[in-house]
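Below: one structure, written as C-alpha cells.
Bear in mind these aren't lab numbers, they're just calculated from the coordinates by the rules spelled out. Fair warning: this is a prediction, and the values are worked out from it, not measured in the lab. When we count neighbours, we look across all protein chains shown, and the Cβ atoms used for this are built from the backbone with ideal geometry, even at glycine.
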Amino acid sequence: MRKSRLFFLGTLAAAVGCAAATTNFRPPLEAKLGAGAKTGAPVPLRIDPNAKVVITRYTNLPAAPYTAAQADRGEQVYNSTCASCHQNEKFIGKEFVDNWGDRRVGDFYTLIRNTMPVDNPGGLKDQQYLDVTAYILKANHAPATPDSLSTDTTIMRGRRIGVHP
C-alpha cells in the first residue's frame, strides 16, 4: 500500500513539474496574436527531442479539386478571420509551395481545422475550413475544377496539394 502511494505522489510531482516547465507558448502556423486576442492557458506538451519529422510528397496522387465558388467564399473567410494573424506570404507563393506542395490536402485541412483560429480552434464550420483550403489552392495557382473539395477523409487522403508559385 505504501509503495503505491509513493508511486502516485512521484507521478503527480513529475506531471506538475512537466506542466510548470512548459511556459513558452508558440501559436501554430506562425500566427501573430494581436493585443486584443483571447487565448486560454497554454497546454503543456511532451516533446521528444529525438523525434524525426518525415514529410512525404505524394506526386503520384491526383490534385485536390475545388470549385471557383468555394475559393471565393474561402477568400472572404480568410480575409475576415485569418488575415489578421497570418501574413499572405506564408500561404501564398514559394514558401507555401515549398512547405505544402504535393502533400496530402487532408493533412493541411486537418491542421487548420484542429488549430485555427488560435483563440477558438475548431470554431469555424467545416464548410468554412474547406473554403479556406480551396482559397489557398486557388491563390497558389491550382486550377479550379467542377468538383468541390469535400470533408470525406478517404478522398482527402487520396488527393495532393497541386500548387506552384
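Model label points for GLU95 and THR59, set 7 angstrom from Cα along the Cα-to-Cβ axis, are 2.6 nm apart. Note on ASN114 and ALA69: the model spin-label points, each 7 Å out from Cα along the C-beta direction, lie 3.1 nm apart. Here the label points at ASN50 and THR151, each 7 Å from Cα along the C-beta direction, are separated by 4.0 nm in the simple model. Across segment 141-152, rounded Karplus estimates of 3J(HN,Hα) from the backbone phi angles (6.51 cos²θ - 1.76 cosθ + 1.60, θ = phi - 60°) give 6, 7, x, 5, 10, x, 8, 8, 6, 10, 7, 5 Hz, Gly and Pro being marked x.
When the convex hull of the Cα atoms of segment 68-157 is projected onto a plane and the area is averaged over all directions, what value comes out in nm²?
On the way: hull surface 21.5 nm².
Answer in nm², one decimal: 5.4.
Here's how it looks for ARG160: its modeled amide H is under 5 Å from those of ALA63, ALA64, VAL105, which are all 5 or more places away or on a different chain. Using the average count of surrounding beta-carbon atoms within 10 Å as a protection proxy, the listed peptides 125-135, 62-72, 83-93 rank, highest first, as 125-135, 62-72, 83-93. Computed from phi, the 3J(HN,Hα) profile of segment 89-95 under the Karplus parametrisation 6.51, -1.76, 1.60 (θ = phi - 60°) reads 5, 6, 10, 10, x, 4, 4 Hz, with x in place of Gly and Pro.
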